[in-house]
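What follows is a single structure, written as structure tokens, with notes after it.
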Amino acid sequence: MLPSFLLLLSSLGTGLVQAQPTLDDLYLENAPSSPRPYVIPHYANSHAVTIDSQLYRFTVTGPSSGYAFTLMSTNAPSSGSLGVLPHIHRVHYENFFSFKGRFQLWAQKGDSEQQARLLTQGDYGSVPRNTTHTFQILDPDTEMVGVIVPGGFEDLFYALGTNYTSGTDTPYVPQSTNDSSTTGPGASTISALQKYDVYAELDFNPRRDLVNGTAPSDASEWHSGANDLGTPGQPYFIANGYGPKYLNSQHGYQIVQPLVSPKQAQDTNYTLATFSISRQTKQNPTQWVLAGAAAFEVLEGVLSIQIGDYPVAQLNMGDVAFIPAHVAFTYYSEVSFTKVLYVSSGTGGVDQQLISGGKTWDFVAFPKY
């Protein structure tokens, strides 16, 4: 009988032994040019560009998701003016999530009343197609997470921005002078960007009459009462912890807080939610295989995720994992509380399956037993 090392050499010679993928293979600095499993750490310079004082990173791009969605982050200091001139998108559905800091978001659909909110950590704003919108960064350390459907909208930022790299992975580049009062591209530039699905609305006048972070103040619960998922096709806002919640207890506890359901997404065909996950209580977490692409971004805690044949990865706050369609994966938490932002292409994602297998829940924390 051949010694084991000779058997190994013989197998290598016939091509029967294949190297197993490693964590180094899974972790990338830039989103790839076609769909494959990957993880990008927080503040990695993934296709990063700067526009004035704003730094944009693209952890999921059109090519990397098969044009299902774009997942991006915007880091910037506080500003005395709008982050971009008011505009609409006719094709893209845009979602704003406050990762940290504060920013103000305005949205108006047609002749309906203009809406404005002050978003703090965990708050969400929905901007459907054909909705005039703009934003303003208000805190020195602010990070907005954007989910844009369909994917590929990052091409706009590539056209407008300056390529960015950093040896320190700083959130954004400190400015030596106070140039944070700029308003992104000028009117003449933004008017020429229709090929990127950007249509200027230069007559839009952002309202400044917010009371307790909301306008109109007479008809809006904001950090003071429940927020429902909005009317399809209309902008809406959900304050952190004030939206609908569902408790699933199949393996430990997970609280699903939907932000966009299939009803709100309409024909853009995606869903968006947060999951709050308890420490795993069983050895074998649920294995998922989805018909559409999906991504996780860690908001709090540590997420353990195993994708395809790759080893288990430990994702910390701000890290992003992407899972292509039809690739098996499991995820769980080994710490007491982990919260993630989850986006899924199609209508049968993990969020919808957890909701259908759970029950309505009134709290942001899971039970003690």
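Quick notes on this one:
- If you go through segment 243-300 and keep only what is under 22 Å from N227 (Cα atoms) and assigned to a helix (DSSP H, G or I), you end up with P262, K263, Q264, A265, Q266.
- Selection over segment 102-134 of residues that are under 16 Å from the mean Cα position of the chain (by Cα), open to solvent by less than 20 Å² (accessible area, probe 1.4 Å) and not hydrophobic (A, V, I, L, M, F, W, C) gives a count of 6.
- Residue in segment 227-237 that is open to solvent by less than 10 Å² (accessible area, probe 1.4 Å) and touching a residue at least 24 places away in the same chain (Cβ under 8 Å) present: no
- Going through (1) at pLDDT 95 or above; (2) part of a loop (DSSP other than H, G, I, E, B); (3) open to solvent by 50 Å² or more (accessible area, probe 1.4 Å) one by one, Q314 falls short only on (2).
- Checked against the criteria, V327 counts as among the hydrophobic types (A, V, I, L, M, F, W, C) and surrounded by 15 or more Cβ atoms within 10 Å (Cβ to Cβ).
- Residue match in segment 330-338 (condition: outside any strand (DSSP E or B) and within 22 Å of Q20 (Cα to Cα)): no
- Pick from segment 193-226, criterion within 25 Å of the chain's Cα centre (by Cα) and among the charged types (D, E, K, R), ranking: most open to solvent (accessible area, probe 1.4 Å): K195
- Here R279 meets the list (1) touching an Asp or Glu at 6+ places or on another chain (Cβ under 9 Å); (2) closer than 22 Å to F58 by Cα; (3) surrounded by fewer than 17 Cβ atoms within 10 Å (Cβ to Cβ); (4) not acidic (D, E) almost entirely, failing just condition (2).
- Close contacts from segment 30-51, counting a first residue that is more than 23 Å from G292 (Cα to Cα) and a second that is among the aliphatic types (A, V, I, L, M) and outside any strand (DSSP E or B), with Cβ to Cβ under 9 Å and a gap of 6+ residues or different chains, come to H42/M317; A44/L28; H47/A31; V49/L160; T50/V173; I51/V84; I51/L160.
The values are calculated or read from the model by the stated rules, or taken from the named source; none is laboratory data. Just so it is clear, the structure is predicted and the values come from calculations on it, not from any experiment. FYI the Cβ positions are ideal-geometry reconstructions off the backbone, even for glycines, and counts take in every protein chain you see. These area figures cover heavy atoms from the full protein model, side chains too; ligands, DNA and RNA do not enter into them. Shrake-Rupley method; radii C 1.70, N 1.55, O 1.52, S 1.80 Å.
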